[in-house]
Structures are given as C-alpha cells and as structure tokens.
Amino acid sequence: MTTTTNADTTTKTTASTAPKSPRPRALNYSRTTATAARVLRQLGHDPRTIALLVLIPCVMLFLLRYVFDGSPRVFDSIGASLLGIFPLITMFLVTSIATLRERTSGTLERLLSMPLGKGDLIAGYALAFGTLAIIQSTLATGLAVWFLDLDVTGSPWLLLVVALLDALLGTALGLFVSAFASSEYQAVQFMPAVIFPQLLLCGLFTPRPDMHPALEVISNVLPMSYAVDGMNEVLLHTDMTTHFVRDIAIVASCALLVLTLGAATLKRRTT
C-alpha cells in the first residue's frame, strides 16, 4: 500500500516537473521565411501558373487600352481602377487553389504538428504570394503608365502601392476561403460569391453615390470600394490626400483582418 502510494506520488511529481513543450511564438522570422521559401519553391515547379499569374493582368490592360483606342479618356478613367482590381482577382484565385491543395493533401496539418505557429504559416504564405504580387503589380503598373499612356495626375508609385495592397488583399481572401472549400471546383465557385459583388459595387461602373442607398451602404463596407477610391485619388490629385491615406489604410486593415481570420481556420494536430 505504501509502495503504491509512493509510486503515485512519484508519477504525479514527475508529471508536474516534466518540461512542457513550448508553444511556438506567434511569429518568428526564421520560420516565416522558411515557409515562404518552401511555397515559392513549390510554385517554381509550375512555371505556367507563374506566367499566367504575372502576365494576365498585363494582357487584360493591353486589350482594354485598345478596346478604347478611340476614347483614351475612358481608358484613363477605368484603367487605374482595373489596375488594382486585376491583381486582387488573380491573387485570390491562385492563392485559394494553391492553399486548398495543401489543406486537402494534409500538408498543412503535418506542418502544424511541428513547432510552427499559425502566424508563421499564414505570414509565410502571405510573404510568398506577396512576392509574386509585387512582381505582378510592378509589371502591370509599369505597362499601364509608361507603355499604354495611362494619364495619372499623381505619382505612379502611389498606383503601385494601391495595386500591391489590392494583391495582398486578394491573397488574404484566397487563404481564408480555402478553409471552406473541399475541392478546387468549389474554390473557384467562391469567386462569384466573394469578388463579383465587390466588383459591381466598387464604383467602377457608376459612382457609388449614384447607387441605390442600400447598395451604397453595402459598398461602404467592401474593401474593393476603397481600393478603387484610392486609385481615383491618385488619378485626380497631384499630392497624397487624406482620403488616399484613409483608403489604403482601410484596404491594408482588411487584408490584415482576413489574414488573422485565415489563421483561425487552421487546425493543429493533437494526436
């Protein structure tokens, strides 16, 4: 009886003194960059996807320019807006499908069974796709301004900032919706649900104040509306306005919020 009690006491003591596995910190530079490098290596094995990702916005802008060849002012008025919308859509599609593949193949679950924080994982994916977004946005902005003669009053660098934030927002939305799709087909179907309403209500086709009041209220809470507003601020004003700062702050905040929600959808393996 005494022996059993001592054994129980020893077991409890050992359990209470055994070192616990440290929970990974929310964000670690080395783990984040390693995750980003792994994602980029995987994308590097699919050059066609990279080519489509980088070139499609440029091709669309090129076509748009010559669709309105006889009305260059029309291209100026909507070209800047589309310069931000195209990267958002393409990054949404590529990110949602690529992340879904890793979710369904069990890659994400295996990674989370290692000392890897959810923040590291999401930040690594955002960094990898954000790198592609930088390349894509730079090429599209350069083509529109310096080769297609998009007439903007403000600095082209501000256009690039908005385009980059839009691409990052598309990346964040893609990471998030991949948690709710069970197949690549379903992931693609999320685009009409997530992107198309924003496209119709962002003010691209008609000024938002001219919409039905109910639709204007809805447009006021959609991030793409502020992306288009930010592009229009650069289009019309020489200097950086307070409205421009507000618009890009809202787009960046939405991207950060959606990335945080995306991290919450990740499940850590416990067995």
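Can you give the angle from 0 to 90° between the axis of helix 72-104 and the longest principal axis of the chain, with both taken from C-alpha atoms, to the nearest 10? For helix 72-104, the angle is close to 20 degrees.
Where in region 72-90 does the label zone of Asp151 land, with the point 7 angstrom along Cα→C-beta and an amide N cut-off under 14 Å? Only 72-80 fall inside the zone, counting backbone N under 14 Å.
Placing dummy labels 7 Å off each Cα toward the beta-carbon, the span from Asp69 to Ser113 is 5.9 nm. Taking the C-alpha atoms only, the angle from helix 156-177 to the longest principal axis of the chain is near 40 degrees. Taken along the Cα-to-beta-carbon direction at a fixed 7 Å, the label points for Thr104 and Asp239 span 5.3 nm.
Normalising the average separation of contacting C-alpha pairs (under 8 angstrom, six or more residues apart) by the number of residues puts the relative contact order of the chain at 26 percent. The stretch between Thr49 and Tyr185 holds 47.3 nm of extra length on full extension. This uses 0.36 nm per residue minus the Cα-Cα distance. Starting from one equal scatterer on each C-alpha and no solvent at all, send me the Debye-based log10 I(q)/I(0) for the chain at q = 0.08, 0.11 Å⁻¹, two decimals. Result of the Debye calculation: -0.39, -0.65.
Since every read-out is calculated from the coordinates, none of them should be taken as a lab result. Keep in mind the model is a prediction, meaning the values are calculated, not measured. Note: ideal-geometry Cβ built from the backbone for every residue, glycine included; neighbour counts use all protein chains shown.
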